[in-house]
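The values are calculated or read from the model by the stated rules, or taken from the named source; none is laboratory data. None of the values given here were measured: they were computed from a predicted structure. Counting neighbours? That spans all protein chains shown, and the Cβs are built from the backbone with ideal geometry, glycine included.
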Amino acid sequence: MHFYFAYGSNMNPARVRGRNMPFTDAISGSLAGWRLVFNKRSIRHVGAASANVEQGDPEDRVEGVIYRLQDEHSILAMDPFEGYPVRYRRELLSVMTETGLVSAWTYVANDDHIGQGLKPAHWYLQHLLAGQPYLSAEYVERLRQVTCLPDTFEEPV
């Protein structure tokens, strides 16, 4: 089996379908010992952030959506949208599901594309919240508490 763990805007299944990444199923997953941060510099808006994960304390946890890929090449469809290998690298990480651990492709921002003091745009955060059916109520509430940029930052078409 081949899996992709989405913790950012790709938690929105409609976005993933629009990006034509072939997948057969989507389930809940969590990445233990990692934390969600908004420190990946946007290529479109100065001061805007995309989601990223970084290693944290053992009790830290990032929730997200695990997509069961159609085949081992399906992940390649997501690479251009994630800026792989320049802006993000792809790592195989162990992600917990309700049936146990799976090894899933996960995009992690490269150091030279990380900035400090960044915030996500409101429209961007809405893509994360679209993953609500796969997330715990506590995690959804944490996402709702994220401070966003003013609404002048519109979603690119």
Please verify whether the stretch 12-19 includes one or more residues that are within 11 Å of the chain's Cα centre (by Cα), closer than 25 Å to Arg144 by Cα and of a type in the set (D, E, K, R).
-> no
Of all residues in the stretch 110-138 being among the aromatic types (Phe, Trp, Tyr) and in contact with a Gly (Cβ under 9 Å, 6 or more places away or on another chain), which is modelled with the lowest pLDDT?
-> Tyr124
Does Phe23 count as over 30 Å from Asp151 (Cα atoms), over 10 Å from the mean Cα position of the chain (by Cα), of a type in the set (A, V, I, L, M, F, W, C) and modelled with pLDDT of 95 or more?
-> yes
Please indicate, with yes or no, whether at least one residue in the stretch 3-13 is among the hydrophobic types (A, V, I, L, M, F, W, C), surrounded by fewer than 17 Cβ atoms within 10 Å (Cβ to Cβ) and either touching a strand residue (DSSP E or B) at 6+ places or on another chain (Cβ under 6 Å) or in a loop (DSSP other than H, G, I, E, B) (or both).
-> no
For Ser28, indicate whether it is crowded, with 20+ Cβ neighbours inside 10 Å, among the polar types (S, T, N, Q) and either in contact with a Phe, Trp or Tyr (Cβ under 6 Å, 6 or more places away or on another chain) or assigned to a strand (DSSP E or B) (or both).
-> no
Being in contact with a Ser or Thr (Cβ under 7 Å, 6 or more places away or on another chain), among the β-branched types (Val, Ile, Thr) and closer than 22 Å to Ala130 by Cβ, is that true of even one residue in the stretch 69-86?
-> no
Could you check, for the stretch 112-125, whether at least one of its residues is under 15 Å from the mean Cα position of the chain (by Cα) and under 12 Å from Phe5 (Cβ atoms)?
-> no
Restrict the check to the stretch 60-83 and report whether at least one residue is of a type in the set (Ser, Thr, Tyr), over 15 Å from the mean Cα position of the chain (by Cα) and under 25 Å from His2 (Cα atoms).
-> yes
Could you tell me whether Arg68 is charged (D, E, K, R), under 25 Å from Leu149 (Cα atoms) and surrounded by fewer than 22 Cβ atoms within 10 Å (Cβ to Cβ)?
-> no
Reported set for the stretch 111-127 where residues are in a strand (DSSP E or B) and either hydrophobic (A, V, I, L, M, F, W, C) or out of contact with any Cys (no Cβ under 9 Å at 6 or more places or on another chain) (or both) is Ile114
